[in-house]
There are 2 protein chains.
Amino acid sequence: MSVKLDSSDKIHQVLDDYDYFLFDCDGVLWLGDHLLPSVVETIQLLKSLNKQCIFVTNNSTKSRQDYLKKFAKLGIDGISKDEVFGSSYASAIYIDKILKLSKEKKIWILGEEGIEQELHELGYKTIGGTDKKLIEDGVKFSPDHELLSNLDEKVGCVIVGLTFNLNYLKLSLTMQYLLKDNKSLPFIATNIDSTFPSKGKLLIGAGSIIETVSFASGRQPDAVCGKPNQSMMNSIKADHESLQLNPKRGLMIGDRLNTDMKFGRDGGLDTLLVLTGIETEENVLKLNDGNAPTYYANKIGDLFEYHNK
Amino acid sequence: MSVKLDSSDKIHQVLDDYDYFLFDCDGVLWLGDHLLPSVVETIQLLKSLNKQCIFVTNNSTKSRQDYLKKFAKLGIDGISKDEVFGSSYASAIYIDKILKLSKEKKIWILGEEGIEQELHELGYKTIGGTDKKLIEDGVKFSPDHELLSNLDEKVGCVIVGLTFNLNYLKLSLTMQYLLKDNKSLPFIATNIDSTFPSKGKLLIGAGSIIETVSFASGRQPDAVCGKPNQSMMNSIKADHESLQLNPKRGLMIGDRLNTDMKFGRDGGLDTLLVLTGIETEENVLKLNDGNAPTYYANKIGDLFEYHNK
């Protein structure tokens, strides 16, 4: 059963037991543009104790650079790019290091600027994505659209993530690339979260968009790069050898059981669920040992608040 | 094993054996706006022999009235509204006769004008659908959109079908109605075809759009009204008592195994697969007896062409 972190003693024990603190961002540090209580102080505390803070997010609409801007804007100072792991970055790394896709090839994107930026940074050319023409032409769809009959022969990979600029033209073009060359182009999903929490509502998540083109093309993604997939964990461990050697010195903190907690557990880390996102205490207490997080807390800021009590 | 209709004798036998000829439209009579060979003559032949011709389509973007216009435009004369069964009509009938939804309630539509027209004809008010504001506002999505926080309390049912005017706002609004009132609003799918064949290409079908909102909301449709679901067959049989009494006097003609052929077989009719759509002769010959159509033919016009040889 999960231990609730609700006393000074428990918090001091946790601070003794772990060297690496991996944070999901949305629902843990902030909700949309609203910073949660005592977050800045908690990160300052951890850094003052020489703990490694690593930020792990499935939101592929932003690049690591965008995240640094967001941290700064919310007053969380001193975060560097190598402390941020996003699903757009993880996907770009996967395409480069695992698929070893030639830089001569282009990548078709159904997704936002975050994916484009991370791929461009590695030297890839992309099409689709935030192309304004696809947004304009998509307002009134025509089956005669020239791009449907003129696929770019240089495209060597398809990546799909969350996009707010979705339309029938983009979905159908994505489908053409998934069917192309006897369905042989690699199909990469940034993450498969079904929903996207925003302003107290659940909106359509990357996983639901991926379902559309999966069902239409009869293909499942060849790789899912975000949490709970371990490719992002392996990238983190590659950067932090002592976490690789001793994963039990790491604590994965998140608000979702099926992505964050699974991600930590599968990577051999201990886990802390915070109740500022989509899970409730009632549900946590019903979980069997195989699925229960190591700890849970009302909010991440409790680390700071109980520490100083 | 399926019998190939490739001789005058076989065609005369078929014309003797059946009184009801149920036709899928796209891929059988036409491809998009292109009429297939000898279709007009085949329908004239059947009508001259006092056969009942019934047109059964899963394309919910058009109403029955739209279909009459399309028949006339392509030179197929003398078709009346009661010979046409579309998934938009079937869905409207389902909401009225089976769900018995009050006319005081509104229906949220993710779909096109065909659904709106059929529902309006039965006296229902609809929202969503072809509303221009949702298209305009969807070009640049904002999570602050007023409609996301102001759901219409009068909505009593959600219907999803094919739409070419898809965007993130419409998908997210559909999701809000599917989650509303503890997921209790009836969720109706016009049809679940994964793809939509158009101009020699496969585009995104209604079924793939439904997958998005299904996965996002964690709900499956409460009813699927198009082929292969039998609610449309039951409507047809209700209009044609002798088909109900003796379904083996009916022949379902289509180009898809998983919708058209299944629809006919499940209704107790014999089946004819034509190769002008998405299936190949090679695949037909591989089918076991449980899945093989009764007959197959290169094209529907072969009925006329072999008859006159």
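With the structure loaded, tell me whether B:Leu151 is surrounded by fewer than 20 Cβ atoms within 10 Å (Cβ to Cβ), part of a loop (DSSP other than H, G, I, E, B) and assigned by TED's automatic domain parsing to the domain that holds B:Lys97 or whether it fails that test. It is true that B:Leu151 is surrounded by fewer than 20 Cβ atoms within 10 Å (Cβ to Cβ), part of a loop (DSSP other than H, G, I, E, B) and assigned by TED's automatic domain parsing to the domain that holds B:Lys97.
So that you can scan it fast, the table gives a plain yes or no per residue for (1) of a type in the set (Phe, Trp, Tyr); (2) within 24 Å of A:Lys227 (Cβ to Cβ):
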| residue | (1), (2) |
| --- | --- |
| A:Glu121 | no, yes |
| A:Lys132 | no, no |
| A:Gly138 | no, no |
| A:Val160 | no, yes |
| A:Ser184 | no, no |
| A:Phe187 | yes, yes |
| A:Ile192 | no, yes |
| A:Ser198 | no, yes |
| A:Leu202 | no, yes |
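Filtering B:Leu119, B:Leu169, B:Leu101, B:Leu147 for residues that are closer than 22 Å to B:Glu211 by Cα and modelled with pLDDT of 95 or more leaves a single hit, B:Leu169.
Of the strands (runs of 3 or more DSSP E) contained entirely in segment B:1-112, those carrying at least 2 residues that are among the aliphatic types (A, V, I, L, M) and surrounded by 14 or more Cβ atoms within 10 Å (Cβ to Cβ) fall at B:52-57, B:106-110.
Note on segment A:205-222: among residues that are in contact (Cβ under 8 Å) with a residue 40 or more places away in the chain and within 7 Å of chain B (Cβ to nearest Cβ), the one that is farthest from B:Pro143 (Cα to Cα) is A:Ala216.
In this structure, B:Ile253 does satisfy being surrounded by 19 or more Cβ atoms within 10 Å (Cβ to Cβ), in contact with a strand residue (DSSP E or B) (Cβ under 8 Å, 6 or more places away or on another chain), away from chain A (no Cβ under 14 Å) and β-branched (Val, Ile, Thr).
Just a yes or no: is a residue in segment B:182-190 within 13 Å of chain A (Cβ to nearest Cβ) and either more than 15 Å from the chain's Cα centre (by Cα) or not hydrophobic (A, V, I, L, M, F, W, C) (or both)? Within segment B:182-190 (the criterion being within 13 Å of chain A (Cβ to nearest Cβ) and either more than 15 Å from the chain's Cα centre (by Cα) or not hydrophobic (A, V, I, L, M, F, W, C) (or both)), the answer is yes, since at least one residue qualifies.
The lone criterion from (1) assigned to a helix (DSSP H, G or I); (2) within 14 Å of another protein chain (Cβ to nearest Cβ); (3) under 17 Å from the mean Cα position of the chain (by Cα); (4) of a type in the set (A, V, I, L, M) left unmet by B:Ile278 is number (1).
Against the definition (within 22 Å of the chain's Cα centre (by Cα), among the hydrophobic types (A, V, I, L, M, F, W, C) and more than 15 Å from A:Ser60 (Cβ to Cβ)), how does A:Ile98 come out, yes or no? When the stated conditions are applied, A:Ile98 passes them. Consider A:Leu166 carefully, then state whether it is outside any helix (DSSP H, G or I), over 19 Å from the mean Cα position of the chain (by Cα), within 14 Å of chain B (Cβ to nearest Cβ) and buried (at least 23 other Cβ atoms within 10 Å of the Cβ). Answer is yes for this residue. Residues in segment B:256-276 that are surrounded by 19 or more Cβ atoms within 10 Å (Cβ to Cβ) and small (Gly, Ala, Ser): B:Gly264, B:Gly267.
Put simply, of A:Ser242, A:Ser208, A:Ser231 the only residue that is surrounded by fewer than 23 Cβ atoms within 10 Å (Cβ to Cβ) and either charged (D, E, K, R) or closer than 18 Å to A:Asn59 by Cβ (or both) is A:Ser231.
The listed residues are B:Leu147, B:Leu134, B:Leu110, and the only one of them that is under 27 Å from A:Phe164 (Cα atoms), in contact (Cβ under 8 Å) with a residue 40 or more places away in the chain and within 14 Å of chain A (Cβ to nearest Cβ) turns out to be B:Leu110. Within segment B:154-163, being more than 22 Å from A:Asp137 (Cβ to Cβ) and not in a strand (DSSP E or B) holds for B:Lys154, B:Gly161. In the set (1) under 21 Å from A:Leu119 (Cβ atoms); (2) without any contact (Cβ under 8 Å) to a residue 24 or more places away in the chain; (3) in a loop (DSSP other than H, G, I, E, B); (4) not hydrophobic (A, V, I, L, M, F, W, C), the condition left unmet by A:Gly268 is number (1). Just one of the listed residues (A:Ser172, A:Ser235, A:Ser231, A:Ser194) is under 22 Å from the mean Cα position of the chain (by Cα) and within 13 Å of chain B (Cβ to nearest Cβ), namely A:Ser194.
The values are calculated or read from the model by the stated rules, or taken from the named source; none is laboratory data. These figures come from a predicted structure and were not determined experimentally. For neighbour counting, all protein chains shown are included, and Cβ atoms are generated from backbone atoms with ideal geometry for every residue, glycine included.
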